[in-house]
Structure formats: structure tokens, C-alpha cells
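The values are calculated or read from the model by the stated rules, or taken from the named source; none is laboratory data. It should be emphasised that the depicted structure is a prediction, and the values quoted were computed from it without experimental measurement. FYI the Cβ positions are ideal-geometry reconstructions off the backbone, even for glycines, and counts take in every protein chain you see.
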Amino acid sequence: MSATRRHFLAAASLFPLASLLFSPLAQAQQGKTYAVITRPQPKDVAGKIEVIEFFHYGCPHCRNFNPFVRQWAAKAPADVSFRKVPTPWSPPLVNFARLYYTLEATGDLARLDEAAFALAQDARKYDTPSMEAWYVQQGGNVEKFKAAFNAFGVQNKVQAAQQLTQKMGIDSVPMLIVEGRYHVLGNSFEEQIANLDALIAELRKAGGKK
């Protein structure tokens, strides 16, 4: 597994990570641009090509990959559905998953997404009071943060992220999954984005089926 796809959060206790296995492919791109994961899951969005990035705020590679993903997502075609899923492998990462969905709920995600990586990796703050104080420092209202952070909607999204991470067997990040079954490969961030576009084009030609 390349360093661009695996990171252990030094300050947190993560679940043991095992190598992700892939089933054989008949396509010519097998093992080069994508691979089929061993535990594919149905996609959530019908009529569009679904792309998911699994990540967490404590991962340096996710932090470095984030600008590439944001730039790609801003120009994603109308027939593509993109979302990010934080991987809650440990209690600190569960809290950061709640932070991600809280920022999404308050409308601050675009503004504070990069800052959240800094909170995790530079400040190394994982507890809820520190996140509240950080949000206020970023110009936010603490009551607004608390309401979203403790909302059932945010908690449900965190639980759904836990379930999807487990069902798909996601054990390394950042990882791009297309249509709930294709893991995008690449030896660099640029190559992963290029391979993502190539796979989407191939799926589009096949009518969303492959």
C-alpha cells in the first residue's frame, strides 16, 4: 500500500488496519487505474455516477489531497454525484466526523474545511470543548455549533459513515470509490484524479454500468 493512501494518526488509537484486497478484473485496466473492492455496496444516488472520497482530518495525505479533490469537485459534470465520507475508526476520529458533518450543517464547510485539517494535525485538538473554542476563533457562534454538533441529523450521518466504512472494508485513506465498487488507483494525486476522470468516462459510455 503506497504512502499516499495510508496514514496512522499518531496521537489517536485507531483500529488495526489490514491491506485492502481486490477481486480479479477482466478489463485491460486491471490493477493500473482502478480495482474492484471485495465488498461493493449499492450506491445512494440513482441516475448519476457516484464518487465517494473516504478521508479523515487526522490524515496528512488527505490534507494534501484535499485541494486536488476540491478543484475536481468544483468542476464535476452534472451526471456525477460527489460526497466525502469521514472514516470514524476511533473515538477521536468519530469526533472529527461529527465536526465535518457539523460544518456541513452550519454552512461553514467550504470556509473551514482546510482549517479543520490544521486543528487535527497542527493543534492536535480532538475533544469537543476544543472544537467549540476553535469554531468561535474562526468567527462562528458557539450555540450554533453546539446545536448542530449534537443534532440527531449529524449523529445519524456519523453512524452511517461508520457503517459504510465497515461494509466496504475501507482501511486506508484517502480513497476514491466510484459506484460503490471501484477503487481508483494512482501513484500520485494527479494520477488518481486523471484515472478518476477516465473511469467516469468509461462508465458513462457504458450507460453507468460496467
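Just for region 114-135: of the residues that are in contact with a Leu (Cβ under 7 Å, 6 or more places away or on another chain) and modelled with pLDDT of 95 or more, which one is surrounded by the fewest Cβ atoms within 10 Å (Cβ to Cβ)? Show your work before the answer.
Taking region 114-135 and keeping what is in contact with a Leu (Cβ under 7 Å, 6 or more places away or on another chain), we get 116, 125, 131, 134.
With modelled with pLDDT of 95 or more added as a condition, the list becomes 116, 131, 134.
On the way: 116: 23, 131: 21, 134: 19.
Ranking the qualifying residues of region 114-135, first place goes to 134.
Out of the residues in region 151-176 that are assigned to a helix (DSSP H, G or I) and among the hydrophobic types (A, V, I, L, M, F, W, C), which is surrounded by the most Cβ atoms within 10 Å (Cβ to Cβ)?
Restricting to residues being assigned to a helix (DSSP H, G or I) and among the hydrophobic types (A, V, I, L, M, F, W, C), the top hit is 161.
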**Message:** Which pairs turn up if I take residues in region 37-60 that are under 18 Å from residue 72 (Cα atoms) and modelled with pLDDT of 95 or more and look for partners that are of a type in the set (A, V, I, L, M) and assigned to a loop (DSSP other than H, G, I, E, B) with beta carbon separation below 7 Å, at least 6 apart in sequence or on another chain?
**Reply:** 54/170; 54/173; 55/173
**Asked** With respect to the numbered conditions (1) touching a helix residue (DSSP H, G or I) at 6+ places or on another chain (Cβ under 6 Å); (2) at pLDDT 95 or above, which one is the sole condition not fulfilled by residue 168?
**Response** (1)
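Does region 85-114 hold any residues that are assigned to a helix (DSSP H, G or I), out of contact with any Pro (no Cβ under 9 Å at 6 or more places or on another chain) and either among the β-branched types (Val, Ile, Thr) or more than 13 Å from residue 157 (Cβ to Cβ) (or both), and which are they?
To start, the set of residues in region 85-114 that are assigned to a helix (DSSP H, G or I) comprises 91-106, 109-114.
When the remaining residues are screened for being out of contact with any Pro (no Cβ under 9 Å at 6 or more places or on another chain), the result is 91-92, 102-106, 109-113.
Within region 85-114, 91, 92, 102, 106, 110, 111, 112, 113 meet the criteria.
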**Request:** Identify, from the list 145, 65, 82, the residue that is part of a helix (DSSP H, G or I) and under 17 Å from the mean Cα position of the chain (by Cα).
**Result:** 65
